[in-house]
Amino acid sequence: MKYIRFYILLLISIRLLASDSTKIEFGNLEPEPQHMKVAPLIVKYLANFHYQKRAIDDSLSAETFDRYIDKLDPIHVYFYESDIERLQKYRYRLDDYLVVGHLEPAYEIFHLYQQRMAERLMYAFKRLEAPFDYTKDEYLEIDRDQAPWANSEQELDDFWRKRLKNESLSLKLGGKEQDEIVKLLRKRYKRAKKNIEQFQSEDVFQIFMNSFSESFDPHTSYFSPKNFDDFKIQMSQAYSGIGARLTTEEDYTVVKEIIAGGPAAKSDVLHEDDKIIGVGQNKQGEIEDVVGWRIDDVVQLIRGEKETIVRLQILKAGSIPGAPSDTISLMRDKVKLEDRSATGRVIKISLEDRDFHFGVIDIPSFYSDFDGKNAGEKDFKSTTHDVNKILRKLQADTLDGVIIDLRRNGGGFLNEAISLTGLFIDEGPVVQVRSTTGRVSIEWDDEPGQAYSGPLAVLVDRISASASEIFAAAIQDYGRGIIIGSQTFGKGTVQNAVGLNRFLRNTDKKLGQIKITIAKFYRIDGGSTQHVGVIPDISFPSRFELMDFGESAQKNALLWDQIESLNYSQNNDLTTVIPKLTTRTILRVSEDPQFVELTQSLEEFDRNRNRKQISLNMEIREKEREEAEKKKKERKEKEEDDEDLLITESARILSDYILISDQ
């Protein structure tokens, strides 16, 4: 992830003597005895068993150093250039230190970070005592991950003054009075102060070890004992919530994924990359400002009893800086297996004076009831069983074709991707898996026959990942169907979690876990799904194409490569028909008002996303806000469901295919 929330990784053990005091005292964070044993163990394990055989050398040390600094100060607002120069003495030594469990340099770097953060906190509290001049024509730099390090205290003070001014101006434009603005911002920073008092040595160790482990690949990571225990609790107990996976970017809580079957997915009012800035309980509860909060505290506010209401104040993805927020209401519920199940429907369209009937099957994830399977139940719940039933039901009427909708499907069980492929092909290979040792195994569909053999399209997007990519790639390689949409996520690796206590048995301390990449997926044509994903035969415009999203956007992601192709027989050779379908699609969507509107909104989204700075002049900001509100209202008045738009166009493409095939 490119950014880290503004406060989540501060990890400072400090004490402010009074709520308004500028005097700060630090606790003395040091590596614990078990850390000095765990660090060499992780180094040895990754060196021996990670899929990418990396030497523990100066190159890896330099990556670890840069990643550690980036995790602590991702937008360059704490450290000075002189600090970074002083710390360069460790750039090529961290590998040697980790091998022997020498962790003091990592904590020394962190202590300096504590000091710089304390200075910024003191400045923030002091600066909030004076009002801001909103008539001055100045700007705040908002794209700072590549910004040079500050040369002086005055330079950082100027940035922080502008940052505080922007926060104050945003609240003022939202209708807050000056006294209320100051109160809210002081409360926000006091919350940050409270958060940083709670961190411990284990937190510093986890940041540093993840800086090392992620130098192998972004999916390899260390879980501290506490984080792993939290993960197990979440996996074993049913929580009621909104059905969204959250992450942090700078000081915001950001929606990373909408979970199929949850309240957010059903309501369609919350989407990926929306920023949550406030949380309220029930219909009339006060909205609590959560900017700068720890993500686990935000999650606790959002969770609650089933069938209770939570209200979220959000900044929509792609909004211009300072744009007005929206407040949405969601009914908390539990995400049930049946809510995540595949569903089917029939749509009817007309093209060239001919009526077509298409079955649309939405598959939100690749799921399987392993308890039922292990108990020997013949009809245990799974993606394949459910889709097979839907196909039988849909084919009771005359169907011209089937559309499989895998948008927003983040994957699931590999065996379900294989067996689902088997519904549409005769028996044959589906995917190859290469292990750390280089051994290649082949996963087969060994069931003869097809549940459906007619015209087929598979709709994907940038969120379609893992098992979704395996299914789409196999359908494409066999020429079994037309892949439509946008480039998929590109996650073609396999991870395994290993408890560290199994290696150090003579301790009563919990040591956490290491998640390690151990294998890589390859298509039957030999190409990997890693990094590039699946490229559609016919592409649709998507905002995800404009974002730093997907495996290729991950730092240090494993690259695409190729192994030997398998022997397999294609169902159809679509190489001649795809160009014809593409030409028809381009002509049609260029004249479709809905697609024109979609393209314009994506262009606006891209412009807003690439803004480097934001005005701190109230008059300019008011005009921008009014214009944003006007465009938002116009879009809402014209808006039709883009999801149905893409389904409809997929049906037209499949209709074109049938018409061309009949010629």
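The values are calculated or read from the model by the stated rules, or taken from the named source; none is laboratory data. From a predicted model like this one, the values you see are computed outputs, not experimental measurements. Cβ coordinates were reconstructed from backbone atoms using ideal geometry, including for glycine residues, and neighbour counts include every protein chain displayed.
Things to note:
- Hey, THR421 in a helix (DSSP H, G or I) and touching a Leu at 6+ places or on another chain (Cβ under 9 Å) or not: no
- Residue check, ILE404 on the phi < 0 side of the Ramachandran plot and buried (at least 19 other Cβ atoms within 10 Å of the Cβ): yes
Every residue, every condition in (1) of a type outside the set (Val, Ile, Thr); (2) within 24 Å of LEU574 (Cα to Cα), yes or no:
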position: GLU427; (1), (2): yes, yes
position: ILE442; (1), (2): no, no
position: ASP446; (1), (2): yes, no
position: ALA467; (1), (2): yes, yes
position: ILE470; (1), (2): no, yes
position: ASP477; (1), (2): yes, yes
position: THR488; (1), (2): no, yes
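- Condition met for LEU654 (over 23 Å from ARG408 (Cβ atoms) and either modelled with pLDDT of 95 or more or more than 33 Å from the chain's Cα centre (by Cα) (or both)): no
- Residues in segment 88-111 that are surrounded by fewer than 18 Cβ atoms within 10 Å (Cβ to Cβ) and hydrophobic (A, V, I, L, M, F, W, C): VAL99, VAL100.
- Any chance ARG120 is surrounded by 20 or more Cβ atoms within 10 Å (Cβ to Cβ), within 33 Å of the chain's Cα centre (by Cα), basic (Lys, Arg) and farther than 30 Å from ASP57 by Cβ: no
- Selection of first residues in segment 600-622 that are within 12 Å of LYS136 (Cα to Cα) and of second residues that are among the acidic types (Asp, Glu), restricted to Cβ pairs under 6 Å at least 6 apart or on distinct chains, gives the following pairs, ordered by first then second residue: LEU616/GLU138; ASN617/ASP137.
- Here SER601, SER565 are screened, and the one residue that is at pLDDT below 90 and of a type in the set (Ser, Thr, Tyr) is SER601.
- Test for GLU63: is it of a type in the set (Asp, Glu), surrounded by fewer than 16 Cβ atoms within 10 Å (Cβ to Cβ) and in a helix (DSSP H, G or I): no
- The C-beta contact set for segment 415-435 (first residue free of Cβ contacts under 8 Å to residues at least 40 places away in the same chain and of a type in the set (D, E, K, R), second residue surrounded by fewer than 19 Cβ atoms within 10 Å (Cβ to Cβ) and part of a helix (DSSP H, G or I), distance under 6 angstrom, 6+ apart or interchain) is empty.
- Those residues of segment 143-161 which are part of a helix (DSSP H, G or I) and either of a type in the set (A, V, I, L, M) or under 15 Å from ASP251 (Cβ atoms) (or both), in sequence order: LEU156, PHE159, TRP160
- Scanning segment 305-329 for residues that are of a type in the set (A, V, I, L, M), modelled with pLDDT of 85 or more and within 21 Å of the chain's Cα centre (by Cα) yields LEU312, ILE314, LEU315.
- Any hit, segment 518-526, residues being out of contact with any helix residue (DSSP H, G or I) (no Cβ under 8 Å at 6 or more places or on another chain), assigned to a helix (DSSP H, G or I) and either at pLDDT 95 or above or within 26 Å of ASP274 (Cα to Cα) (or both): no
Yes or no, residue by residue, for (1) touching a residue at least 60 places away in the same chain (Cβ under 8 Å); (2) surrounded by 22 or more Cβ atoms within 10 Å (Cβ to Cβ):
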{"site": "TYR478", "(1), (2)": "yes, yes"}
{"site": "GLY485", "(1), (2)": "yes, yes"}
{"site": "ASN496", "(1), (2)": "no, no"}
{"site": "ALA519", "(1), (2)": "yes, no"}
{"site": "ASP525", "(1), (2)": "no, no"}
{"site": "PRO541", "(1), (2)": "yes, no"}
{"site": "ASP548", "(1), (2)": "yes, no"}
{"site": "SER552", "(1), (2)": "yes, no"}
{"site": "TYR568", "(1), (2)": "yes, no"}
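So that you can scan it fast, the table gives a plain yes or no per residue for (1) small (Gly, Ala, Ser); (2) in contact with a helix residue (DSSP H, G or I) (Cβ under 8 Å, 6 or more places away or on another chain); (3) farther than 25 Å from ASP133 by Cα; (4) modelled with pLDDT of 90 or more:
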| site | (1), (2), (3), (4) |
| --- | --- |
| ASP179 | no, no, no, yes |
| LYS183 | no, no, no, yes |
| MET209 | no, yes, yes, yes |
| SER213 | yes, yes, yes, yes |
| ASP217 | no, no, yes, yes |
| TYR222 | no, yes, yes, yes |
| LYS226 | no, yes, yes, no |
| SER240 | yes, no, yes, no |
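- Yes/no for VAL532 being crowded, with 20+ Cβ neighbours inside 10 Å and either in the same structural domain as ALA417 (by TED's automatic domain parsing) or farther than 20 Å from TYR568 by Cβ (or both): no
- Single residue of GLU288, GLU307 found to be among the acidic types (Asp, Glu), in contact with a helix residue (DSSP H, G or I) (Cβ under 7 Å, 6 or more places away or on another chain) and more than 27 Å from GLU545 (Cα to Cα): GLU288
Condition check ((1) of a type in the set (Asp, Glu); (2) at pLDDT 90 or above; (3) closer than 20 Å to ALA467 by Cβ; (4) outside the structural domain of ALA260 (by TED's automatic domain parsing)) across all residues:
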| position | (1), (2), (3), (4) |
| --- | --- |
| THR343 | no, yes, yes, yes |
| GLU352 | yes, yes, no, yes |
| ILE363 | no, yes, yes, yes |
| ALA375 | no, no, no, yes |
| LYS381 | no, no, yes, yes |
| HIS385 | no, yes, yes, yes |
| LYS393 | no, yes, no, yes |
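- Identity of the residue in segment 395-418, in a loop (DSSP other than H, G, I, E, B) and more than 27 Å from ALA244 (Cβ to Cβ), that ends up modelled with the highest pLDDT: ASP400
- Of all residues in segment 171-180 being part of a helix (DSSP H, G or I) and acidic (Asp, Glu), the one that is surrounded by the most Cβ atoms within 10 Å (Cβ to Cβ): GLU180
- Qualifying residue in segment 181-201 (condition: in contact with a His (Cβ under 8 Å, 6 or more places away or on another chain), in a helix (DSSP H, G or I) and not assigned by TED's automatic domain parsing to the domain that holds VAL494): yes
- When segment 145-159 is filtered for residues that are surrounded by fewer than 18 Cβ atoms within 10 Å (Cβ to Cβ) and either within 30 Å of LYS555 (Cβ to Cβ) or basic (Lys, Arg) (or both), the ones remaining, listed by number, are ASP145, GLN146, ALA147, PRO148, ASN151, SER152, GLU155, ASP158.
- Criterion violated by SER168 - all others in (1) buried (at least 16 other Cβ atoms within 10 Å of the Cβ); (2) touching a residue at least 60 places away in the same chain (Cβ under 8 Å) satisfied: (2)
- Only residues that are in contact with a Lys or Arg (Cβ under 8 Å, 6 or more places away or on another chain) and under 18 Å from ASP96 (Cα atoms) were counted in segment 67-76, giving 1.
- Filter result for LEU301 (outside any loop (DSSP other than H, G, I, E, B), modelled with pLDDT under 90, in contact with an Asp or Glu (Cβ under 9 Å, 6 or more places away or on another chain) and over 30 Å from LYS389 (Cα atoms)): yes
- Of all residues in segment 426-458, those that are assigned to a loop (DSSP other than H, G, I, E, B), within 30 Å of the chain's Cα centre (by Cα) and not β-branched (Val, Ile, Thr) total 1.
- All positions within segment 211-225 that are in a helix (DSSP H, G or I) and surrounded by 20 or more Cβ atoms within 10 Å (Cβ to Cβ): SER211, PHE212, SER213
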